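Below is one structure; the comments refer to it alone.
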Amino acid sequence: MDKELKIVIADDHQMFIDGVRSLLKKETQLNFVHEALNGEDALSYIRKNEVNLLITDISMPGMTGTELTKIIKKEMPDIKVLVLTMFNDPAIVNDILQSEAEGYILKNTGKQELLSAINKIMDDGTYYSNEVMNLMLKHNKKKNSIAETKDQLTTRELEILKLVCEEFTTADIAEKLFISPRTVETHRKNIIEKTKTKTIVGLIKYAFEHNLMG
């Protein structure tokens, strides 16, 4: 990540905002252009200014982080969203997936994972922490899988879908499966068409909803 990132952080606890800024103060490419203690303030600033990344909590007075994310993704879809919260409830995670946020990590994370999440998201990827992914896997194993969905995806496509959801890049998948990156992209395109999704976040959401991650 070479260019400067303009970041808005939204959290109803000023102490937490100060902590994040202190944690990342040596990362000169990260420019926190605005702090918001609620969703309305964050949205007002983002609508009027250039912003690359929103880091937001979920529970805030008035507009929640989930509501804020949905509006951002509808009005300004190029802005990336990283949810940084204490909530690890499957229903809440699913709401965030529905809102198309690129990332979801918990507040007990360390500096390195936070930086990894930011880098991955700004590189047009997604980042849902292992703790969150495992939580969703356990939750969705309680549901019945959709046989028709598994039938319409080939074994290779299911394999690639799982790796995509586990944050593997195209190059990583190609190396792991001993196929070319071009072949991976072809499979990815077919998966997107069959699942009627549009983004990587959509694929992750689809995989969880149809219990394809087991």
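The values are calculated or read from the model by the stated rules, or taken from the named source; none is laboratory data. Being a predicted model, the structure only gives us computed values, none of them experimental. Positions of Cβ are generated from backbone atoms using ideal geometry, with glycine treated the same way; all protein chains shown enter the neighbour counts.
Below are the figures for this structure:
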read-out	value
Filter result for Ile179 (outside any helix (DSSP H, G or I), touching a Phe, Trp or Tyr at 6+ places or on another chain (Cβ under 8 Å) and either farther than 30 Å from Ile55 by Cα or modelled with pLDDT of 90 or more (or both))	no
Close pairs from region 103-123: first in a loop (DSSP other than H, G, I, E, B), partner surrounded by fewer than 16 Cβ atoms within 10 Å (Cβ to Cβ), Cβ under 7 Å, at least 6 apart	Lys107/Met86
Members of region 86-102 found to be among the acidic types (Asp, Glu) and either part of a helix (DSSP H, G or I) or out of contact with any Ser or Thr (no Cβ under 8 Å at 6 or more places or on another chain) (or both), listed by number	Asp89, Asp95
Test result for Thr64, closer than 27 Å to Asn211 by Cα, among the hydroxyl-bearing types (Ser, Thr, Tyr) and assigned by TED's automatic domain parsing to the domain that holds Asn130	no
Boolean, Ile17 is touching a strand residue (DSSP E or B) at 6+ places or on another chain (Cβ under 8 Å) and crowded, with 22+ Cβ neighbours inside 10 Å	no
Exclusive hit being surrounded by fewer than 16 Cβ atoms within 10 Å (Cβ to Cβ), at pLDDT below 95 and over 21 Å from Met15 (Cβ atoms), set Glu50, Glu131	Glu131
Residue in region 24-36 that is under 28 Å from Tyr206 (Cβ atoms) and either aliphatic (A, V, I, L, M) or surrounded by 17 or more Cβ atoms within 10 Å (Cβ to Cβ) (or both) present	no
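For every residue, the table says whether it meets (1) surrounded by fewer than 17 Cβ atoms within 10 Å (Cβ to Cβ); (2) at pLDDT 80 or above; (3) in the same structural domain as Val20 (by TED's automatic domain parsing).
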position: Tyr104; (1), (2), (3): no, yes, yes
position: Leu115; (1), (2), (3): yes, yes, yes
position: Asp124; (1), (2), (3): yes, yes, yes
position: Glu148; (1), (2), (3): yes, no, no
position: Leu153; (1), (2), (3): no, yes, no
position: Thr170; (1), (2), (3): no, yes, no
position: Glu193; (1), (2), (3): yes, yes, no
position: Thr197; (1), (2), (3): yes, yes, no
position: Ile204; (1), (2), (3): no, yes, no
